[in-house]
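What follows draws every value from the coordinates through simple rules; no lab data is involved. Quick caveat, the model's predicted, so the values are computed rather than measured. Quick reminder, even Gly has a Cβ in these numbers, built from the backbone with ideal geometry, and neighbours come from all protein chains shown.
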Amino acid sequence: METKPFAVVSAVPPYGHVICSEKWRNSSLVQSLKGGGVKILFENELGVADFNLPNKSSILYVSECDIIAGNSYKRKLVRYRNASSSFQELVLVEKTRLSEQYFQAVQTFVVFDLGLSLLPVSGQSEASQFISQIVHGEGRDNPFRRRSSCRLFDPLVLTLIQQVPGVGKVKALALLQNFSSIHQLCNATPTKLEAIVGQVGAQQIHSFFHKHTTAGT
Amino acid sequence: QTLPATSSASSTSVCILVDSRCISSGVELMTCLRQKHAATVHVCSLDNSYFIVSNRMAVERHSQSDLATPQNRKRLADRVKSLQGLFERVCLIVEKDRSKTGEASRPLQRTRYYDSTLAALVRTGIRLLWSDSAEESAGLLADLAHLEQRKGQGIAVPLEVKGQHREQALQLYLSLPSVSYAHALNMSHNFRSIAHVINSSIEAIQKGGCMSRTRAEEIYRFLRYSCDSFFVKAAKTS
């Protein structure tokens, strides 16, 4: 058991910066990050994570060696997940010709068992490209972000009523003028409907709403 | 304390709905799903080409090169956003581009667009899965469906409706806002009639449609929404 209290740094780096675990100091990844204009802050107490990024995500790097050497990386991944920091946790996995054969197993473990996000990279240079994209892209508009659109219900109600067989746009609008909601229309008596769409139409609409749809009835 | 055997869970068949547009590009994948993973696959007409693996999860399948150019990203973004409106969870299977026979497979040139697209997808909570072939993609789809089934989210009703009236009812449910094909199927099988849905409480809609509370609330409000008389008049004259 870990007795030493963890003084894990959970600071969000300032814009354009990456907080990086001390062990990466002389790596090619960090060299090319610097080349890409990313400023690096080294930190000894980053916990399991390798990098903290300004968009509040952290990265754990699983190298080809880790994968081929076996199971200790799994323990690291579990600790990473259990750290449950306020950061979004990403896992970069080196997918090379040597580690390729294990990739699906690693993916199953990371995504299905631990529920973390996994991104394959061919090596440290691709990883640094990806990290600098995140760092430089911070503040840019996310094209996948869904804005809660306040849709108008009116046209949708009209479309739904036209799903009733025999009801086109003209009848649908005439119905809406008398019964302003689907709920009202559904619960209208055939007599009331008759005045608008005639006897046959009224029967048709009423039975469409009330006819049983479940099997065996 | 004995845990329920996971093997029994994985041996039961899973249900997957597939859009008809997936067929032309996915014969190999479908065959694999049916034969190797014994999945019940039902082809239907969804509003775009994707897979439904549970009551709350949709899966899109894209080639790596789809993510690498700005033109494709716009289209991808529109599709992902519309799926997010219908499903609680959206997954993307990123499949390696198939190389032409005889051509050596060359690694994808990672563009900056590719990296920023991935970063943005992850940021939005889209789950990414990686595959090297149609066969692997089939395996991932089956795994997702099994996982969802274990969490009690699997599609538990028959994947088709029989008879003209039931088919019409299904189409009506599909025109409700934020209702996916899976929700509509559940409603078709779990409610006595269309009027039964319309007169149900939020709780009953949530339960019968196998959907989230907020979705059921939206449907409930929609069914009681009073159309503006101004809208009706304007629509009449147009």
Average partner chain C-beta neighbours within 10 Å, per residue of A:119-131? 3
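For a quick protection proxy, order the peptides A:93-100, A:20-27 by their average other-Cβ count within 10 Å, most packed first. Could you put the intermediate results ahead of the total?
Values: A:93-100: 17.9, A:20-27: 15.1.
Per-residue Cβ counts within 10 Å, averaged per peptide and sorted highest first, yield A:93-100, A:20-27.
With an 8 Å Cα cut-off and a minimum separation of 6 or more residues, compute the relative contact order for the range A:153-217 in percent.
On the way: 41 pairs, mean separation 18.1, N = 65.
It rounds to 28 percent for the range A:153-217.
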Proximal charge balance of A:Phe103 [Cβ under 9 Å; K/R count +1, D/E count -1]: -1
The protein assembly as shown: antiparallel bridges as % of DSSP beta bridges, rounded to 5, reads 20
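First select every other residue whose beta carbon is under 13 angstrom from the beta carbon of A:Leu116; then total the charges, Lys and Arg +1, Asp and Glu -1. Let's see the in-between values first.
Numbers: positive: A:Lys74, A:Lys76, A:Arg79, A:Arg81, B:Arg127; negative: A:Glu89, A:Asp113.
Summing Lys/Arg as +1 and Asp/Glu as -1 gives +3.
Which order do the peptides A:126-133, A:10-17 come out in when sorted by mean C-beta neighbours inside 10 angstrom, highest first?
Taking the mean over residues of other Cβ atoms within 10 Å, the ranking is A:126-133, A:10-17.
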Please list, ordered by chain and number, the residues whose modelled amide H lies under 5 Å from the amide H of A:Thr96; skip anything fewer than 5 residues away on the same chain. none
Can you list the aspartates and glutamates whose alpha carbon is less than 13 Å from that of A:Lys95, not counting same-chain residues fewer than 8 positions off? A:Glu64, A:Asp66, A:Glu126, B:Asp132
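Sequence gap at least 6, Cα distance under 8 Å: using those rules, report the relative contact order of the range A:1-151 to the nearest whole percent. All intermediate terms of the calculation are to be shown ahead of the outcome.
Details: 211 pairs, mean separation 36.5, N = 151.
Worked out over the range A:1-151, it gives 24 percent.
Distance check, please: which entries in A:Lys56/B:Lys74; A:Lys211/B:Lys233; A:Lys39/A:Lys76; A:Lys34/B:Lys81; A:Lys192/B:Lys236; A:Lys169/A:Lys192 exceed 28 angstrom between their Cα atoms?
Values: A:Lys56/B:Lys74 25 Å; A:Lys211/B:Lys233 31 Å; A:Lys39/A:Lys76 26 Å; A:Lys34/B:Lys81 35 Å; A:Lys192/B:Lys236 21 Å; A:Lys169/A:Lys192 19 Å.
Going by Cα-Cα distance, A:Lys211/B:Lys233; A:Lys34/B:Lys81 fall outside the 28 Å limit.
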Can you give the calculated 222 nm mean residue ellipticity of chain B, where each DSSP H run of n ≥ 4 adds -39,500 (n - 2.57) and the sum is split over every residue, rounded to the nearest 500 deg cm²/dmol? -14500 deg cm²/dmol
Suppose a student asked you for the relative contact order of chain B, using Cα pairs under 8 Å spaced at least 6 residues apart; what percent would you report? 18
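Mind checking A:155-162 for the average number of partner chain beta-carbons within 10 Å of each residue's beta-carbon?
Taking all residues of A:155-162 together, the mean is 5.
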Rounded to whole Å, give me the distance from the Cα center of the range B:175-200 to that of the range A:158-217. 17
Roughly speaking, what is the stretch gain from A:Thr159 to A:Ser72, that is 0.36 nm per residue apart minus the C-alpha to C-alpha distance, in nm to one decimal? 25.6 nm
Karplus-derived HN-Hα couplings along the range A:35-45 (A = 6.51, B = -1.76, C = 1.60, θ = phi - 60°), whole Hz, x at Gly and Pro: x, x, x, 9, 8, 10, 10, 8, 8, 7, 10
Residue-wise HN-Hα coupling along the range A:163-178, computed from phi with Karplus coefficients 6.51, -1.76, 1.60 (Hz; x: Gly, Pro): 6, 6, x, x, 10, x, 5, 4, 5, 4, 5, 4, 5, 5, 5, 9
Simple spin-label estimate for A:Arg147/B:Lys74, 7 Å along Cα→Cβ, in nm, reads 1.7
Ranked B:Asp132, B:Asp143, criterion: other C-beta atoms within 10 Å, fewest first: B:Asp132, B:Asp143
Rounded to the nearest 0.05, what FRET efficiency do B:Lys151 and B:Ala204 give with R0 = 22 Å and r taken as the Cβ-Cβ distance? Could you check? 0.45
Using 0.36 nm times the number of residues separating A:Asn82 and A:Ser27, minus their current alpha carbon distance, what extension gain do you get? 17.1 nm
To the nearest 20 Debye, how big is the dipole of the protein assembly as shown about its Cα centre, given +1 on the beta carbon of each Lys and Arg and -1 on that of each Asp and Glu? 880
Under a crude label model (7 Å from the Cα following the beta-carbon direction), how far is B:Thr214 from A:Val200 in nanometres? 4.7
